[in-house]
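Chemist: Just passing along the structure, written as structure tokens.
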Amino acid sequence: MEKMMEENAEAQRDTSLIVSWESLERKKKELDDITNVQIPHNKNEIQIAREEGDLRENGGYKAARQQQAVLLRMQSKIERELRNAQGTDFADVGTDKVSIGNVVDIIDDASGEKETFTILGAWDGDPDKKIISYLSDTAKALIGKVVGDEADLPADTVHGSRKAKITAIRAFKA
């Protein structure tokens with residue numbers, strides 16, 4: 001995993017992404033839906049609106065064309081992301097320092113509140129479960145730290161930060 005992190009740091013210039021196998025499959029299904037369901041449906045809507053007559057004053061036609069542009073941009077973006085994605089199961093991740101595939105326990109210096117973050121792939125974030133992407137500001141502040149280190153984490157306030165101490169690092173188990 002550490003090797004992937006290093007390779008990804010070097011490849012960051014070419015937008016490589018580390019992702020879980022599950023999120024990679026979800027993204028492939030999303031692309032399939034856009035390509036094989038939404039775009040054909042939109043083409044049909046354009047054809048129906050075109051048959052209604054004067055295109056200059058046809059709101060349905062204009063809306064369908066705008067939707068077509070959005071769908072084609074989404075399709076292109078997802079195709080580009082999939083080309084740059086590296087799937088992993090986060091197995092054999094080290095726990096000597098924080099990296100992708102770790103569960104990190106922290107304690108807020110000011111409040112004494114304990115929190116746990118799971119750092120996973122680019123598309124794996126779930127804020128409600130405290131699962132964060134390695135690309136997030138919080139993960140970037142934690143990655144590379146060891147137990148006992150302090151980190152400046154983003155705070156809820158505008159441009160604010162908060163200090164937190166890392167109390168434990170363990171491997172994520174899927």
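The values are calculated or read from the model by the stated rules, or taken from the named source; none is laboratory data. Note that this is a predicted model, so its numbers are computed, not measured. Please note: Cβ atoms are built from the backbone with ideal geometry, for glycine as well, and neighbour counts cover all protein chains shown. Note: areas computed on protein heavy atoms with side chains; ligands, DNA, RNA excluded. Shrake-Rupley method; radii C 1.70, N 1.55, O 1.52, S 1.80 Å.
Chemist: Scan the stretch 14-31 residue by residue and report those that are in a helix (DSSP H, G or I) and either over 14 Å from R80 (Cα atoms) or among the basic types (K, R) (or both).
Modeler: Answer for the stretch 14-31, where residues must be in a helix (DSSP H, G or I) and either over 14 Å from R80 (Cα atoms) or among the basic types (K, R) (or both): W21, E22, S23, E25, R26, K27, K28, K29.
Chemist: If only one of A49, A110, A64, A85 is among the small types (G, A, S) and in contact with a Leu (Cβ under 7 Å, 6 or more places away or on another chain), which one is it?
Modeler: A85
Chemist: Oh, and also: Would you pick out the residues in the stretch 92-121 that are part of a loop (DSSP other than H, G, I, E, B), in contact (Cβ under 8 Å) with a residue 24 or more places away in the chain and either open to solvent by 40 Å² or more (accessible area, probe 1.4 Å) or more than 23 Å from K28 (Cβ to Cβ) (or both)?
Modeler: D92, V93, G94, T95, D96, K97, V98, S99, D109, A110
Chemist: If you don't mind, another one. Regarding the stretch 134-145, can at least one residue be identified that is farther than 18 Å from S23 by Cβ, of a type in the set (G, A, S) and not in a loop (DSSP other than H, G, I, E, B)?
Modeler: Within the stretch 134-145, one or more residues are farther than 18 Å from S23 by Cβ, of a type in the set (G, A, S) and not in a loop (DSSP other than H, G, I, E, B).
Chemist: Just to be sure before I move on: is A64 over 30 Å from I166 (Cα atoms), of a type outside the set (K, R) and either modelled with pLDDT of 95 or more or surrounded by 15 or more Cβ atoms within 10 Å (Cβ to Cβ) (or both) in the structure I sent?
Modeler: The answer is yes for A64.
Let's see how each residue does on (1) surrounded by 17 or more Cβ atoms within 10 Å (Cβ to Cβ); (2) within 30 Å of A171 (Cβ to Cβ); (3) modelled with pLDDT of 95 or more:
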| site | (1), (2), (3) |
| --- | --- |
| A9 | no, yes, no |
| D14 | no, yes, no |
| R50 | no, no, no |
| F90 | yes, yes, no |
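Chemist: Of the conditions (1) at pLDDT 95 or above; (2) touching an Asp or Glu at 6+ places or on another chain (Cβ under 8 Å); (3) loosely packed, with under 14 Cβ neighbours inside 10 Å, A174 satisfies every one except a single condition; which number is it?
Modeler: (1)
Chemist: Tally up the residues in the stretch 87-114 that are within 16 Å of W21 (Cα to Cα) and of a type in the set (D, E, K, R), please.
Modeler: 2
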